[in-house]
Amino acid sequence: QVQPVESGGGLVQPGGSLRLSCAASNYIFGINIMVWYRQAPGKERQLVAGITRDGTTNYLDSVKSRFTISKDNAKDTVYQQMNSLEPDDTAVYYCNFRTMLYDNWGQGTQVTVSS
């Protein structure tokens, strides 16, 4: 198992944007899907977006028009562009690189949306 390293979180005002990235320090063979999750305090972890090996994407309904997931296969990196951020988007965001055998979780990065 490899722990991907996340970056790009921080404090942003409502309506602002952030770009998250998550990259593996070592090559992970056989990634089937790259997924972003988030978890707000006291709430269940929530799937936000995913992108498959062939580039198919899927989004949580509440973020569909605002978030964009993308990837760079050569760098084993997944990105999440987040626009028009809302206070309800405040959470710790985690990436997960899924293979047939393993889930490879990032450490999480805090996103706070507040005036």
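The values are calculated or read from the model by the stated rules, or taken from the named source; none is laboratory data. Owing to the predicted nature of the structure, the values given are computational and were not obtained by experimental measurement. Cβ coordinates were reconstructed from backbone atoms using ideal geometry, including for glycine residues, and neighbour counts include every protein chain displayed. The accessibility values were calculated without ligands, DNA or RNA, using every heavy atom of the protein model including side chains. Shrake-Rupley method; radii C 1.70, N 1.55, O 1.52, S 1.80 Å.
What to note about this one:
- Among 96, 58, 26, residue whose mean-square fluctuation peaks in a GNM of the chain (springs only between Cα atoms under 10 Å): 26
- Largest mean-square fluctuation among 74, 24, 91, in a Gaussian network model of the chain whose springs join Cα atoms under 10 Å apart, belongs to 74.
- Positive-end ranking of 99, 109, 83 along the dipole of the range 70-114, with charges on Cβ about the Cα centre, is headed by 99.
- Of the residues 68, 109, the one with the largest accessible area comes first in the ranking 68, 109, computed with a 1.4 Å probe on protein heavy atoms.
- Solvent-accessible area, 1.4 Å probe, carbon plus sulfur percent, for the chain: 48
- Calculated SAXS-style log₁₀ I(q)/I(0) at q = 0.12, 0.15, 0.16, 0.20 Å⁻¹ - the chain, Debye, Cα scatterers: -0.38, -0.59, -0.67, -1.03
- Per residue, the accessible area of the chain comes to 55 Å² when a 1.4 Å probe rolls over the protein heavy atoms.
- Taking θ as phi - 60° and the Karplus parameters 6.51, -1.76 and 1.60, the scalar couplings of the range 68-74 work out to 9, 9, 8, 8, 10, 4, 5 Hz in sequence order, x denoting glycine and proline.
- Relative to its residue count, the range 71-115 spans a Cα convex hull of 93 Å³ per residue.
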